[in-house]
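To keep things clear, I will list the structure first and then write my remarks on it.
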Amino acid sequence: MDYIDEKLSDDFTNALLSVNRVEASRIIESYFAVAKSFAAIERIIGQALEKIGNGWEDGTVSLSQVYMSGVIAEEITDSYLPKLQIKRKAKPRLAIVVLQDHHSLGKKIVSSIVRANGFHLIDFGAGLHADEIVKLAIENEIDVLLISTLMLTSAMKVKDIKDELEKRESKIRIIVGGAPFRLDSSLWRKVGADADGKNASHIIETISQVV
C-alpha cells in the first residue's frame, strides 16, 4: 500500500502536534491493519515528521512540538520492531554528537527522527571536543557522523574533525546542523562537511545523499 490517504496523513500529523500518543498509535494501528507493512508505517511517519519540520521552518509549529512529535514517532516505531521481528537498520552506521556545546535539543530532535525511521543511531553525547569525536567515530566504525553545534566557534571546529579524518584516510561522511549553519548557508562547505542538515525533517534524505 504505497498510497497514503491525505486525511489519514493529516490526522496523524495533528495527533503528533497535539502530543496525543493514544490517537497517534490508534491511527498507525489502523493503517498497519490494512497496509500490513513496516515500510508503510515508515512512510506515514516520515511524511508527518517532514510536514512538522516544514511547519517549524515557516513558524507555524513550535520547537517543543517538533521535539515531542519525534519522541512519539520513535516510540511508535519501537513498538512495532519487536512485534514484526525487525531489527533497526545497521547500515549505514550512524552517530550523532554535539561539538563542544552542551545545548542538545537539536540533537534530540534529529535523533528521534532518525530512529523513528528505523535506523540504529549511536549517541556520543554533548560537549565533546574534536579529537574525542574523531576517536569515537573511528573506534565505532561510523559511516556517517551527524554533528550539531550552537556557537560559531564550535561550528568552525568541524574543520579540525574533517582534517583529522582525512589525515587518517577515513571515509567517514559528516553532516552538520545547528544555528551557525542556518545563519550562514555556505558555512557547511567552509568547514569541510559533506552536507548541511539544517532541515531536521529532511535528515533521512540527506543521509542517503552522502552514502
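The values are calculated or read from the model by the stated rules, or taken from the named source; none is laboratory data. The structure displayed is predicted, hence computed values, not measured ones. Cβ atoms come from the backbone with ideal geometry, glycine included; neighbour counts cover every protein chain shown.
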Practice problem: Find the residue count for region 145-204, including only residues that are out of contact with any strand residue (DSSP E or B) (no Cβ under 7 Å at 6 or more places or on another chain), touching a residue at least 60 places away in the same chain (Cβ under 8 Å) and at positive phi. | Solution: 0
Practice problem: Tell me, yes or no, whether region 57-73 has at least one residue that is over 16 Å from VAL110 (Cβ atoms), assigned to a helix (DSSP H, G or I) and free of Cβ contacts under 8 Å to residues at least 60 places away in the same chain. | Solution: no
Quiz item: closer than 22 Å to SER112 by Cβ and modelled with pLDDT of 95 or more: does that describe ARG182?
Solution: no
Quiz item: Within the set of pairs 6+ apart or on separate chains, which have a first residue in region 19-45 that is not assigned by TED's automatic domain parsing to the domain that holds ASN117, a second that is surrounded by 18 or more Cβ atoms within 10 Å (Cβ to Cβ) and not in a helix (DSSP H, G or I), and C-beta atoms under 8 Å apart?
Solution: PHE38/GLY118; GLU42/ASN117; GLU42/GLY118; ILE45/ASN117
Exercise. Mind telling me which of the residues ALA73, ALA95 ends up being small (Gly, Ala, Ser) and out of contact with any Ser or Thr (no Cβ under 8 Å at 6 or more places or on another chain)?
Key: ALA95
Quiz prompt | Any chance ILE142 is assigned to a loop (DSSP other than H, G, I, E, B) and either more than 26 Å from VAL71 (Cα to Cα) or outside the structural domain of ILE41 (by TED's automatic domain parsing) (or both) | solution = yes
Quiz prompt | Yes/no for ASP78 being surrounded by fewer than 19 Cβ atoms within 10 Å (Cβ to Cβ) and either more than 18 Å from ASN117 (Cα to Cα) or in contact (Cβ under 8 Å) with a residue 60 or more places away in the chain (or both) | solution = no
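Of all residues in region 166-208, how many are over 14 Å from the mean Cα position of the chain (by Cα) and assigned to a helix (DSSP H, G or I)?
Here the count works out to 11.
Looking for something under 12 Å from ASN117 (Cα atoms), small (Gly, Ala, Ser) and in a helix (DSSP H, G or I) - is there at least one such residue anywhere in region 6-18?
The first filter runs over region 6-18 and keeps only residues under 12 Å from ASN117 (Cα atoms), leaving none.
Looking through region 6-18, none of the residues is under 12 Å from ASN117 (Cα atoms), small (Gly, Ala, Ser) and in a helix (DSSP H, G or I).
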Exercise. Working only within region 160-202, note down all residues that are surrounded by fewer than 21 Cβ atoms within 10 Å (Cβ to Cβ) and among the polar types (S, T, N, Q).
Key: SER170, SER185, SER186, ASN199
Quiz item: From the residues in region 170-211 that are basic (Lys, Arg) and touching a Lys or Arg at 6+ places or on another chain (Cβ under 9 Å), which one is nearest to MET68 (Cα to Cα)?
Solution: LYS198
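Residue-by-condition table, conditions (1) part of a helix (DSSP H, G or I); (2) polar (S, T, N, Q); (3) under 18 Å from the mean Cα position of the chain (by Cα):
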residue: VAL110; (1), (2), (3): yes, no, yes
residue: PHE124; (1), (2), (3): no, no, yes
residue: GLY127; (1), (2), (3): no, no, no
residue: LYS135; (1), (2), (3): yes, no, no
Quiz item: Do you know which residues across region 31-43 are over 11 Å from ALA116 (Cα atoms) and in a helix (DSSP H, G or I)?
Solution: TYR31, PHE32, ALA33, VAL34, ALA35, PHE38, ALA39, ALA40
Practice problem: Within region 95-108, track down each residue that is in a loop (DSSP other than H, G, I, E, B) and farther than 12 Å from ILE147 by Cα. | Solution: HIS102, HIS103
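Yes/no per residue for (1) surrounded by 17 or more Cβ atoms within 10 Å (Cβ to Cβ); (2) over 24 Å from LEU145 (Cβ atoms); (3) out of contact with any Leu (no Cβ under 7 Å at 6 or more places or on another chain); (4) modelled with pLDDT of 85 or more:
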{"position": "TYR3", "(1), (2), (3), (4)": "no, yes, yes, no"}
{"position": "PHE38", "(1), (2), (3), (4)": "no, yes, no, no"}
{"position": "ARG43", "(1), (2), (3), (4)": "yes, yes, yes, no"}
{"position": "GLN65", "(1), (2), (3), (4)": "yes, yes, no, yes"}
